[in-house]
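The values are calculated or read from the model by the stated rules, or taken from the named source; none is laboratory data. It should be emphasised that the depicted structure is a prediction, and the values quoted were computed from it without experimental measurement. Cβ placement follows ideal geometry from the backbone for every residue including glycine, while neighbour counts extend to all protein chains displayed. We work out accessible area using only protein heavy atoms, side chains counted, and drop any ligands, DNA or RNA first. Shrake-Rupley method; radii C 1.70, N 1.55, O 1.52, S 1.80 Å.
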Amino acid sequence: MEGGTVVVGATDAPHTVRVLVDPHCGSCAKFERTGGEALLKLAGDGGLKVEYVLASFLDERGSGSGIAVNALRASVDKGKFAEYQAALFASQPKGRFTDELLLRIADGMPGLRGAGDFDKAVAEQTYKAWVGEAAEAFRATGARGTPLVLLDGKPLPARAAGSIFDGAALAAALM
């Protein structure tokens, strides 16, 4: 983790993709279903370093994004970030995220839950300060919404911008 971001992939990869998402954003859930897997494959192959900036600006509407970002950060400690993020977006509530929902989502991932680690971090908001760092990292980008994908610090070219919702097209735009 670097400055409020979660890093996936080799730190010496030739390209860096910065992905800005809010856990309660419906378009971000669509992006995770369509482009998220492609990003993780490219990161696993060594072609990309992916920096996830976990925004919580939708918390202003009572979405519970902040506690969801805290839970995502806690999943990093267990090596379950990618799986938990995918499950979280797949289980996105119509209402707000709650501790109970965040723990129920984690039930499906062996090795994530435990009274002394993940569960405690969710209940006590252990990473609340980190959630603030992530919010600052989001604000520093100047972004006005999510999802947003930046390649080596720049927005994707206009012709490729719509590709974030198509895994194959996104992979092609990034490589």
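Numerical summary
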| read-out | value |
| --- | --- |
| Among (i) 11, 41, 37, 11, 1; (ii) 9, 25, 24, 16, 11, 9, 4, 1; (iii) 10, 38, 34, 16, 2, 0, the entry that matches P(r) over Cα pairs in 10 Å bins from 0, in percent as calculated here | (i) |
| With every protein chain in place, the chain: carbon and sulfur % of accessible area (1.4 Å) | 51 |
| GNM top mover of A55, A140, A90 - the chain, alpha-carbon springs below 10 Å | A140 |
| The chain: most fluctuating residue of T16, T98, T141 per GNM, C-alpha cutoff 10 Å | T141 |
| Theoretical ellipticity at 222 nm over the chain - DSSP helices of four or more residues, -39500 (n - 2.57) apiece, nearest 500 | -12000 deg cm²/dmol |
| Virtual spin-label span in nm between K154 and E124, 7 Å along Cα→Cβ | 4.6 |
| Accessible area per residue in Å² at 1.4 Å probe, computed on the chain | 47 |
| Axial C-alpha extent at least 15 Å, average Kyte-Doolittle at least 0.0 - helices from the chain (DSSP) | 65-77 |
| R0 of 35 Å, Cβ-Cβ distance A168-D99: FRET efficiency to nearest 0.05 | 0.40 |
| Cut-off under 5 Å, modelled amide H: who pairs with L148 long-range | L20 |
| GNM top mover of K49, K94, K41 - the chain, alpha-carbon springs below 10 Å | K94 |
| Inter-part distance where region 109-132 and region 6-24 are each reduced to a Cα centre, Å | 21 |
| Of M109, P147, L48, farthest towards positive along the dipole that unit charges on Lys, Arg, Asp, Glu beta carbons give region 17-175 | P147 |
